[in-house]
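One structure is given below, encoded as structure tokens.
The values are calculated or read from the model by the stated rules, or taken from the named source; none is laboratory data. Bear in mind the structure is a predicted one, so any value in this text is a computation, not a measurement. Positions of Cβ are generated from backbone atoms using ideal geometry, with glycine treated the same way; all protein chains shown enter the neighbour counts. These accessible areas exclude ligands, DNA and RNA; they are computed on the full protein's heavy atoms, side chains included. Shrake-Rupley method; radii C 1.70, N 1.55, O 1.52, S 1.80 Å.
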Amino acid sequence: MNPKGDKQIWLHDFEPGRDRFRAEVLSGLRKPQKELPSKYFYDEHGSCLFERICSSDEYYIPRTEGAIMETHIEEMVELLGPSVLLIEYGCGSGGKTRILLDRLRKLVAYVPIDICRKQLLRVTRELTLAYPRLEVLPVCADYTGGFELPVPKQPSERQVVYFPGSTIGNFDPIPAKLFLEHIAGVCGQGGGLLIGVDLKKDPAVLHRAYNDGQGVTAAFNLNLLERINRELKADFQVQWFEHYAFYDPRQGRVEMHLVSQKDQTIHIANETIPLVKGESIWTESSYKYNLDEFEHMAATSGFKVEHIWIDEQQWFSVQYLVNTGGTIP
Ligand code: AVI
């Protein structure tokens, strides 16, 4: 406790440094199809914009997933069992998790992991107030890289990773499989993964979701350039870029790009990046799966699909996968 009576928060801090950010930005911008890693959307302002996307009418994912969780939480809790160590990858604003924290029996500890330190600290503070007896062990990290997990005070019966929101969709297929393999290693044999997976659907619905009428998704996309300007002292003229998002049914993914509106030159860390009018910087992919595709990927990563919950429109699934200790080729 500190003198104000607040619980002390021990942050396990592996926040990616500026050198790594610069190196990843430059390596993406040197490619023939220029690209930027979508994980860098989430600075403080980007995280706020993402929260606004999540409450927009068009972006159906949070409300659909939330309704699935509300409807089936008892069944989920039964499957996960008691004395779980719950590890959440990309906890964001933390709202979705409370439904689990409220219901899980004898929860051993909660490990929220997020790349945005400020947001993570805010969420941890809120949770320690709301759940004073729960051990909360925040980790600030880019969860696509390596980092150590904190060890809770009490032993657990099972480690369960929670990965909601269909963030798995932001990985290309091979990295997605490798990431699931990594999670299988984290939760260990008998451990589980409760994951939100967005499903293939009418492209018009997807188009609306990534092109909301208020322009929040566009602002979220463009904020990446503002962040690079601020943190890497670059000189993107943000007004000369436009948000462009579309669904490619052959690849089964939504692509987000920033399209240059004129021939221009960007300077970052002594490098000059030329862009011609109409050229794009690819900032995000968001893969949509059908159930068989996802089951196959899970199986090649060491997971068996134990249960799937879907909404009535069949737009989104929440799935409980168990690490069985074996993989299919
Ligand atoms: C975090 N992730 C799952 C979101 C998605 O749908 O791919 C990020 C996002 N990008 C635009 N809107 C939301």
Would you work out the relative contact order for region 211-272, in percent, from Cα pairs under 8 angstrom that are 6 or more residues apart?
31 percent
Linear extension gain, Ser27 paired with Trp10, 0.36 nm per residue minus alpha-carbon span
2.7 nm
So the carbon and sulfur contribution to the accessible area of the chain, 1.4 Å probe, in percent, is 51 percent
Note on region 72-223: alpha-carbon gyration tensor, axes a ≥ b ≥ c; rule is a/c under 1.5 for rounded, else prolate if a/b larger than b/c, else oblate; result prolate
Fully extended, how many nm does the chain gain between Glu231 and Leu129 (0.36 nm per residue separation, minus their Cα-Cα distance)?
33.5 nm
How much net charge surrounds Leu107 when only other residues with a Cβ under 15 Å from its Cβ are counted (Lys, Arg +1; Asp, Glu -1)?
+2
Once ligands and nucleic acids are excluded and a 1.4 Å probe is used, how much of Ile281 is accessible, expressed in Å² to the nearest 10?
0 Å²
Show the residues, 5+ positions off or on another chain, whose built amide H is closer than 5 Å to the amide H of Lys200.
Tyr289, Asn290
Per residue, how large is the accessible surface of the chain? Use a 1.4 angstrom probe and give square angstrom.
47 Å²
Can you give the net charge of the other residues whose Cβ lies under 14 Å from the Cβ of Gln33, counting K and R as +1 and D and E as -1?
-3
For the chain, what proportion of DSSP beta bridges, expressed in % and rounded to the nearest 5, is antiparallel?
60 percent
Might you report the magnitude of the Cβ-based charge dipole of region 272-329 about its Cα centre, with Lys and Arg at +1 and Asp and Glu at -1, to the nearest 20 debye?
220 debye
How big is D for the chain, in µm² s⁻¹ as a whole number, if Stokes-Einstein is applied with the Kirkwood radius of its Cα pairs at 25 °C and 0.890 mPa s?
118 µm²/s
From largest accessible area down, sort Thr71, Thr324; use a 1.4 Å probe on the protein chains.
Thr71, Thr324
Connecting every pair of Cα atoms under 10 Å apart in the chain and solving the GNM, the largest mean-square fluctuation among Pro138, Pro203, Pro164 falls on Pro203
Dipole-positive endmost among Phe294, Gln237, His257 within region 205-329 (Cβ charges, Cα centre):
Gln237
Sketch the reach of a paramagnetic label on Glu279 as a point 7 Å from Cα along Cα-to-Cβ, and name the residues of region 33-52 whose backbone nitrogen lies under 11 Å away.
33-35
Among Gln154, Ser27, Phe246, the residue whose Cα sits farthest towards the positive end of the charge dipole of the chain (+1 at Cβ of Lys and Arg, -1 at Cβ of Asp and Glu, taken about the Cα centre) is Gln154
Would you mind calculating the relative contact order of region 186-329 from Cα pairs under 8 angstrom and at least 6 residues apart, reporting the percent as a whole number?
30 percent
Two pseudo-spin positions, 7 Å from Cα along C-beta at Lys262 and at Asp19, lie apart in nanometres by 3.7 nm
Let me know the shape class of region 4-63, please: from the alpha-carbon gyration tensor, a ≥ b ≥ c as square roots of the eigenvalues, rounded when a/c is under 1.5, otherwise prolate if a/b is greater than b/c, or oblate.
oblate
Please name whichever of Tyr60, Cys187, Val136 sits farthest to the positive end of the charge dipole of the chain, dipole taken about the Cα centre and charges placed at Cβ: Lys and Arg +1, Asp and Glu -1.
Val136
Take the alpha carbon gyration tensor of region 112-151, find the square roots of its eigenvalues, order them as a ≥ b ≥ c, and report rounded if a/c is under 1.5; if not, report prolate when a/b exceeds b/c, else oblate.
oblate
To the nearest 20 debye, what is the magnitude of the charge dipole of the chain about its Cα centre, counting +1 on the Cβ of each Lys and Arg and -1 on the Cβ of each Asp and Glu?
700 debye
Given charges at beta-carbon only (K, R positive; D, E negative), |dipole| of region 235-326 in Debye:
100 debye
